[in-house]
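I have placed the structure first, in the form of structure tokens, so that the comments after it can refer back to it.
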Amino acid sequence: MQTTKTDKTMLIEVRTKVSLVMDNKPRKTTETYLVEKEFFSEAEYTVTKLLSGETVQEFEIQSMRISPIKELATQFKGEHSFMATLRDIWTDDKGNEKYLRYKVLLWADTLTQANQRVQELSKEGYDMLVEGIRQVDYIYITE
């Protein structure tokens, strides 16, 4: 599984209310941006810089939080983003079954294609199970 996260950075979700001009008509929407930064202030600056464009009339940052997404499957391309929940199962030294759940963000054109890609990812680990997958409207900002 590919990931772009380094030890010092974290994936930060920045939720915004945006008023856009599309086809000469104002449109209000809520957008969630995913930014890989070391500090919340850096994530806020990155989103503010992005939204200071010509098509955005006004915007408000509503919230920021550390994302529950632990991996970015950047090797996949597609029009939509999907969040998959994977479970890694192992047995500890005492014979007890343990598991770890984590979320992976990937891109695909359809849910079927995303499911196929998640199945590929699950085979890369030992005893990984796919617990679920859903489409999310995250905009991943890379610089």
Residue match in the stretch 71-88 (condition: among the charged types (D, E, K, R), within 20 Å of V14 (Cα to Cα) and at pLDDT below 90): yes
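Can you pull out the residues in the stretch 102-120 that are more than 15 Å from F76 (Cα to Cα) and modelled with pLDDT of 90 or more?
Selection gives K103 alone.
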Residues of the stretch 1-38 that turn out to be at pLDDT 95 or above and in a loop (DSSP other than H, G, I, E, B), as a count: 0
Tabulated pairs, the stretch 23-40, first free of Cβ contacts under 8 Å to residues at least 40 places away in the same chain and more than 16 Å from Y138 (Cα to Cα), second exposed (fewer than 12 other Cβ atoms within 10 Å of the Cβ) and among the basic types (K, R), C-beta under 7 angstrom, 6+ apart or interchain: E38/K8
Among (1) of a type in the set (K, R); (2) in a helix (DSSP H, G or I); (3) at pLDDT 90 or above - the single one K123 does not satisfy: (3)
Residue that is farthest from G132 (Cα to Cα), among those in the stretch 80-96 that are polar (S, T, N, Q) and either surrounded by 10 or more Cβ atoms within 10 Å (Cβ to Cβ) or in contact with a helix residue (DSSP H, G or I) (Cβ under 9 Å, 6 or more places away or on another chain) (or both): T91
Qualifying positions in the stretch 40-79 - open to solvent by 60 Å² or more (accessible area, probe 1.4 Å) and within 17 Å of the chain's Cα centre (by Cα): F40, E44, M64, R65, I66, K70, Q75, K77, E79
Residue selected from the stretch 97-143 under the condition over 13 Å from E71 (Cβ atoms) and basic (K, R), by the criterion most open to solvent (accessible area, probe 1.4 Å): K123
Within the stretch 101-120, tally of residues that are in a strand (DSSP E or B) and touching a residue at least 40 places away in the same chain (Cβ under 8 Å): 2
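The values are calculated or read from the model by the stated rules, or taken from the named source; none is laboratory data. This one's a predicted model, so the numbers in the text were calculated from it and none came from an experiment. Neighbour counts are summed over all protein chains in view; Cβ atoms, including those assigned to glycine, are modelled from backbone coordinates with ideal geometry. Heads up: the accessible areas ignore ligands, DNA and RNA and are worked out on the full protein's heavy atoms, side chains in. Shrake-Rupley method; radii C 1.70, N 1.55, O 1.52, S 1.80 Å.
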